[in-house]
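J.: This is the structure I have questions about; it appears just below.
The values are calculated or read from the model by the stated rules, or taken from the named source; none is laboratory data. Just so it is clear, the model here is predicted, and its values are computed rather than measured. Neighbour counts are summed over all protein chains in view; Cβ atoms, including those assigned to glycine, are modelled from backbone coordinates with ideal geometry.
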Amino acid sequence: MQTYPTGYTESHRIAEKIFREILPRHGMTVREEQIALCHEVLDTLYNKEISLCEAGVGTGKTLAYLVGCILWQMHRPERMKLPIVISTSSVALQDAILTEYLPDLSAVLLGEGIITAPITAVVRKGKERFVCDARLAERASLVQPSRKRQTNSLNIAAHILDMDHIPELSRYDRCRICVPQSCPRDCFLRLDCRYQQYLRDSMKPDIQICNHNYLLADASHRLEDRPLLLRSYQALVVDEAHKLPDAARQMYTETLSPHNMDELCLLLQQAHYKDFARQLRTAFLTLSFSCTQGVSKLRRKVSEPFVLTPFRRAALIDCIALLQNAGELPDVPRYLLNRLEKQKVSCAFFSCKCQRASSTSTTMPMVSPHSAQPAAAYRSCFAVRCGTPANLRF
Ligand code: SF4
């Protein structure tokens, strides 16, 4: 006889009731695909599986997985309850889940006696999206009162923590009032700071909503034993999962392009560092050549598994050594130093990944959008893309 996990049958029964009786009473139509999707979500959660679902526009997928998650979480033993993470691609969907779907669903389920307390949720974002009270006060004191639009945005920032919701806030002001990478220990506002309060509050809610980049950043932190961005969670829903690989590529790709290097060498030449420009160009051309060597013309438009040959290693080391020496050139303008530093960081990053990848794996793994460890998969993804011009990418 087949046995089911605790709450399994009850959750499916309540899901039927919600979609066939309760929600239609609140004006929603019965949609078979939506009900089927909710049952699929419940099966997946109870069986601790991974499921990849495709739902057409208008199926009501958001409500389907929210109901599934809430019913599953409701039947978890109290001591095992941890948040559910919902990762989406767009800010609009995050806001809709937080301000429309969940409050409405919570009110209906409370009214029907299915849940006993409102569903709590929070949107988790990078700290650069939030207002730092100390920096805001400093910035506001510098802005001329005659600049009405700017003053208005800064006044609104005093009441709205999330900068995505502050109208007409310029990029310049955004950078100046956002939460710093690390808060000073002796910040005089720490106890009353809204951002610190937000961090404390965000630990409590049952549902944590974030975007794909934040999810991947959290996965990287977990992989590297760094402090977690998201509280430990027990289930993950990746909505708009088709955009997850793009987010991973955007986050974990580093490019060394001959085009950038050419431009840099030209600037060095114009600034009268001709010898250095020539050496750098030769070193980078050697690196490009080492990467395209052995890759047939027909296959140059696709990513190839990267193998760290002695030639490639030597070319990479040469580039890094030259870029390191740039600091010793006399009177290099700051803008050039910055460009050289950026290239050095890219080369060093690439070199470090080369070493790591060659000591672990030299093949490019397939990454599925519903991979439990998307960051892990992408961090070991290592390829040379050989187009024209040849780019070195990680
Ligand atoms: S604790 Fe951090 S975020 Fe808060 S006011 Fe101080 S510097 Fe800004």
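J.: Within region 103-134, take every residue that is more than 30 Å from His26 (Cβ to Cβ) and surrounded by fewer than 17 Cβ atoms within 10 Å (Cβ to Cβ) and give me the one that is farthest from the ligand (Cβ to nearest atom).
T.: Selected residue: Gly126.
J.: Let me ask something additional. Does region 203-226 contain any residue that is assigned to a helix (DSSP H, G or I), free of Cβ contacts under 8 Å to residues at least 24 places away in the same chain and either within 30 Å of Ala315 (Cα to Cα) or within 14 Å of the ligand (Cβ to nearest atom) (or both)?
T.: no
Matching residues to (1) surrounded by fewer than 17 Cβ atoms within 10 Å (Cβ to Cβ); (2) in the same structural domain as Ala314 (by TED's automatic domain parsing); (3) of a type in the set (S, T, N, Q):
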site: Leu216; (1), (2), (3): no, no, no
site: Leu228; (1), (2), (3): yes, no, no
site: Pro245; (1), (2), (3): no, no, no
site: Leu268; (1), (2), (3): no, yes, no
site: Phe276; (1), (2), (3): no, yes, no
site: Leu280; (1), (2), (3): no, yes, no
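J.: As an exercise: evaluate Glu78 against (1) surrounded by fewer than 17 Cβ atoms within 10 Å (Cβ to Cβ); (2) more than 19 Å from Ala235 (Cβ to Cβ); (3) free of Cβ contacts under 8 Å to residues at least 60 places away in the same chain and give the number of the one condition it does not meet.
T.: Going through (1) surrounded by fewer than 17 Cβ atoms within 10 Å (Cβ to Cβ); (2) more than 19 Å from Ala235 (Cβ to Cβ); (3) free of Cβ contacts under 8 Å to residues at least 60 places away in the same chain one by one, Glu78 breaks only (2).
J.: Would you pick out the residues in region 137-195 that are part of a loop (DSSP other than H, G, I, E, B), within 12 Å of the ligand (Cβ to nearest atom) and closer than 23 Å to Ser90 by Cα?
T.: Leu161, Val179
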